[in-house]
Amino acid sequence: MAPVDIEGCRRLGVLGGSFDPIHYAHLRVAEEVRRRLELPHVVFMPAGSPPHKPSQRLSPAEDRYLMAVLATADNPYFSVSRLEIDRPGPSYTIDTIRALKQGLPRGAEVFLIVGADMVLAIDTWYQPDAVLTEAQVVAVPRPGFDLHRMREGIGPERAARVMVVEVPALDISATRVRERIAAGESARYLCPRPVLDYIEKRGLYV
């Protein structure tokens, strides 16, 4: 199947993250949401300078971008955007949504895919209500975070504007991948093989 013309896409999924490194849980979530919501395409959006992780030292943006490209290369419904990593300053989600919508047809919908931990921390977002207005937020489960109590955590009005998609959760985290590699342990079957080869070649996380 030929890649989708994103500029003509009227229902675009967006999965953002540090992707340091990208792993199978990211890919599984994107594919499940894409299929459940019948989205023509999902864009992976590596963060440039995420304001919610100011103290975390990230791998170079170019490495995180290229790992995402390698991980998604075999899926014609996926692509990777440089929008945030090429933009100077903090990466605010609302700015990304607005920039994406400028390149889409009038009336196009953006489906922002986020983990349960991010939804439950919505008060820490920059302009959270603007995000809920300009995009359809799609919340997916994450081990250790209970979306069934979302109304209590973020309030009924905001909860009513969040779509919950039950996706089989894979208990994989980028932190766990980095720790295993740093300890000299195998990360096979946690990340796609091309990503692990890239990590080894670049000497990341050691």
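The loop-placed chymotrypsin sites (Phe, Trp or Tyr not before Pro) in region 107-161, going by DSSP, that have at most 15 neighbouring Cβ atoms within 10 Å of their Cβ come out as Tyr126. Here the label points at Arg188 and Thr124, each 7 Å from Cα along the C-beta direction, are separated by 3.6 nm in the simple model.
Calculated FRET efficiency, Glu179 and Arg28, Cβ-Cβ r, R0 30 Å, to nearest 0.05?
Approximately 0.90, to the nearest 0.05.
In a fully extended conformation the segment linking Arg82 and Asp95 would gain 3.3 nm over its present Cα-Cα distance, using 0.36 nm per residue. Per residue, the convex hull spanned by the Cα atoms of region 13-202 measures out at 122 cubic angstrom. Taking the DSSP bridge list for region 13-202 and keeping only pairs wholly inside it, about 5 percent are antiparallel. Hey, what number do you get for the chain at 222 nm if only DSSP H runs of n ≥ 4 count, each worth -39500 (n - 2.57), divided across all residues, to the nearest 500? Rounded to the nearest 500, the figure is -10500 deg cm²/dmol. Estimated at 0.36 nm per residue, the fully extended path between Ser49 and Arg36 surpasses their Cα-Cα distance by 1.6 nm.
Read-outs throughout are calculated quantities, based only on the coordinates presented, and are distinct from any laboratory measurement. Please read all numbers here as calculations on a predicted model, not as lab measurements. Note that we place each Cβ from the backbone using ideal geometry, even for glycine, and neighbour counts take in every protein chain shown.
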